[in-house]
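Data block below; observations after.
The values are calculated or read from the model by the stated rules, or taken from the named source; none is laboratory data. Keep in mind it's a predicted model, so treat the numbers as computed, not measured. Heads up, the Cβs are rebuilt from the backbone with ideal geometry, glycines too, and the neighbour counts pull from every protein chain shown. In case anyone asks, the SASA skips ligands and DNA or RNA and just uses the protein heavy atoms, side chains included. Shrake-Rupley method; radii C 1.70, N 1.55, O 1.52, S 1.80 Å.
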Amino acid sequence: MATSATTAKKSPGFARNPGKLLEVEPSPRRVRVKFAGVAVADSTRALLMREGGHVPVYYFPMADVRMDLMTPTDNSSNCPYKGDASYWTIRVGGRAAENAAWSYREPYAEMLAILHYVAFYWDRVDSWWEEDEEIFVHARDPKKR
């Protein structure tokens, strides 16, 4: 069942720490993730999440992710700010990246912007691209040089 703004629970993290930096904004760039020579995500509608204490993370609309290459796993985790995360393993040809992607299927009310979006662990895929330039280490933070 999809979460709506009227039924989503409030984040216990923000209740305890209302000053927590957690911003989600549209990326102005085309962003791609490649694994085993295949673009597993390719989007001009990606979101960039900036969270205090973490490097920026791209979230891709599920419609722009090759979900046919994803296998759900039993792995889960909880973020007190975003909710419970579900994970996928990427399978392309004979290669697999276990629990390489995640999403929040029922995010807390404050984070509904990432509903139906998928993120990837940087080091579990082969390459990341912004426009036609390969990027390394992590997503660029547009608010820092």
> When Leu22 is evaluated against the numbered criteria (1) open to solvent by less than 70 Å² (accessible area, probe 1.4 Å); (2) aliphatic (A, V, I, L, M); (3) out of contact with any Lys or Arg (no Cβ under 7 Å at 6 or more places or on another chain); (4) closer than 15 Å to Val118 by Cα, which criterion, by number, is the only one it fails?
Replying inline: (4)
> List, please: which pairs have Cβ atoms under 6 Å, are six or more places apart or on different chains, and start with a residue in the stretch 110-124 that is among the acidic types (Asp, Glu) and end with one that is in a loop (DSSP other than H, G, I, E, B) and modelled with pLDDT under 95?
Replying inline: Glu110/Ser11
> Where in the stretch 2-121 are there strands (runs of 3 or more DSSP E), lying fully within it, with 3 or more residues that are closer than 16 Å to Ala139 by Cβ and among the aliphatic types (A, V, I, L, M)?
Replying inline: 47-51
>> Please count how many residues of the stretch 62-87 are hydrophobic (A, V, I, L, M, F, W, C) and farther than 19 Å from Ser43 by Cα.
In response: 2
> Across the stretch 38-49, what is the number of residues that are open to solvent by less than 30 Å² (accessible area, probe 1.4 Å) and either over 16 Å from Glu130 (Cα atoms) or small (Gly, Ala, Ser) (or both)?
Replying inline: 3
>> Taking the condition of being part of a helix (DSSP H, G or I) and farther than 18 Å from Cys79 by Cβ, how many residues in the stretch 122-140 meet it?
In response: 2
> Can you tell me which residue in the stretch 88-114 is modelled with the lowest pLDDT, limited to those that are open to solvent by 10 Å² or more (accessible area, probe 1.4 Å) and either within 14 Å of Val65 (Cα to Cα) or among the basic types (Lys, Arg) (or both)?
Replying inline: Arg105
